[in-house]
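The values are calculated or read from the model by the stated rules, or taken from the named source; none is laboratory data. Just so you know, these numbers come straight off a predicted model, no measurement behind them. All Cβ positions, even for glycine, are placed from backbone atoms using ideal geometry, and neighbour counts span all protein chains on display.
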Amino acid sequence: MKPYRRKTSTYGFKPATGLLQTRIKKASETRGFAETRLLTHWAEIVGEAIAGVAHPVDVSYGRGGMGATLSVLCTGAQAPMIEMQKDQIRDKVNACYGYRAISRVRITQTAPSGFVNGQIAFGGGNPVPKAPEKDPETLQAADDVARDVENDDLRQAIAALAANVLAKRDA
């Protein structure tokens, strides 16, 4: 008797992940990543806070073959924070591998826009909140306060100060 074969509903199409999996694996292996999950699920492995300011660059293996070094790219301002969390990063990455594959984590600092070509854009950190826009009446009242000052720079500074004071008073 012939085994029952279930019909698929894909109509001959294959999932894109299946088509790209071998190419992704080949590209990641050239940079030392035996486990592609480390690249594709970085935020889940190390957490959103670290993933927003640091990205894995490569895994290099020493001559002795005892443990590998994971290089992590981050901005210079975030490097001390990442440096203090190297042990946690190593433990989380080793949990992803399933064994103690990584023995060292090396921090590499770069500019906020990443490499020269801008390949990495760091999204984490604490973005500076935008100041709320002041209404035109407050700005006009601030200009009236500084109207009699002769020096342009001083007049603009006093107007800005008055606008901030008036905006806080109205809020």
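What the table shows:
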quantity: Subset of region 61-100 (residues that are surrounded by 13 or more Cβ atoms within 10 Å (Cβ to Cβ), part of a loop (DSSP other than H, G, I, E, B) and among the small types (G, A, S)); calculated: G67
quantity: Breaking point among (1) loosely packed, with under 10 Cβ neighbours inside 10 Å; (2) over 25 Å from W42 (Cβ atoms); (3) at pLDDT 80 or above, for E137; calculated: (1)
quantity: Residue, nearest to G98 (Cα to Cα), within region 30-83, restricted to residues that are at pLDDT 80 or above and of a type in the set (D, E); calculated: E44
